Amino acid sequence: MTTVLASALGAAPDLYTVLVLASTFAAVVLFVMAGVRILAGGWQSYEQRYLSEAERSLDAIYLTIPPQHVLYLSVVCFLVLLALWLWLFGRVGAAVGLALPGLAVPKLVLWRLKVRRDAAFDRQLVEALVNLGNSLKAGFSLPQALQLLTQEAENPMRQEMGLVVREMQVGADMDEALRHLYERMPTQDLDLVITAISISREVGGDLTEVFDNIAGTIRERHRIEGKIKALAAQGKLQAFVICCMPPAMFLALYYIAPGMVEPLYSEPLGWALMALIALLMGVGIHVIYRIVAIEV
């Protein structure tokens, strides 16, 4: 009897340990499942928002690339930068932090393409106004002049005006089609042109003279903007040099004296210092660009 009781008492701690381990395992599993569900929901929301923005960007520059490919390119850029920083520093935390901007690289490329396309459209607008004025002088109506412009102009003017003409052909009013054009290409010059067309259609007037005056105004403004850009080039170059100097010095010291810069990527205080440096660099570049950004 005594032996059986002692055996039971000796086995009790083992049973208690098993219950504790089982409870801990169940809690960990539930926590992981909840975390996975939260991350999956967050990723799904991020993916939908990212794909929606990518689709709008692709439509704006007339690229027929599936939006999912932009997301895949973002992940690939992140992995490539992660592998590069791991090879250079060998620190997972620092590599992940430095590789995160790679997720925005494809979107930045699309934004740059959109900016270049808008600039090309703005440059072609003067020639388009001259062609429209000549077509009106030759006896064409404004819709016919727009149709003729789609045959003579180059992209992106041809694409945008072609879309305007197709909208009018399927029953849209000219004001509505031009408003959609402004939503796609929200430039100050185009707003002036659309306003002039709307006023002329409502109250009458010589559109030929209006187009010539607007073309002359835009041409003169572009000339002044060119002078300002030439004068502000020095400030932009200074911002570029300021942006490049700290990374260049860091890489030089990393190869010349690695021990001097090792605390920057191996210690939490170093990470905070690098984040502060990046923030101050961004503020400085923003201030410089605000100073040299002169509107005409």
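The values are calculated or read from the model by the stated rules, or taken from the named source; none is laboratory data. Only a predicted model underlies this, so the values are computations on that prediction, with no experimental measurement involved. Cβ placement follows ideal geometry from the backbone for every residue including glycine, while neighbour counts extend to all protein chains displayed.
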- Top-ranked residue in segment 114-123 [being free of Cβ contacts under 8 Å to residues at least 60 places away in the same chain and of a type in the set (K, R); ranked as surrounded by the most Cβ atoms within 10 Å (Cβ to Cβ)]: R117
- Item | Matching residues, segment 70-99, being touching a residue at least 60 places away in the same chain (Cβ under 8 Å) and not in a helix (DSSP H, G or I) | R91
- Of the residues in segment 160-211, those that are closer than 16 Å to D122 by Cα and either touching a residue at least 12 places away in the same chain (Cβ under 8 Å) or of a type in the set (D, E) (or both) number 16
- Task: Please give the number of the condition E209 fails out of (1) modelled with pLDDT of 80 or more; (2) farther than 25 Å from E183 by Cα; (3) surrounded by 11 or more Cβ atoms within 10 Å (Cβ to Cβ); (4) within 30 Å of the chain's Cα centre (by Cα).
- Result: (4)
- Note on the structure: Checked pairs for segment 223-240, first touching a residue at least 60 places away in the same chain (Cβ under 8 Å), second surrounded by 12 or more Cβ atoms within 10 Å (Cβ to Cβ) and in a helix (DSSP H, G or I), C-beta under 7 Å and 6 or more apart or across chains, list as A232/V292
- Any idea which residue in segment 65-113 is farthest from Y255 (Cα to Cα), counting only those that are crowded, with 16+ Cβ neighbours inside 10 Å and among the basic types (K, R)? K107
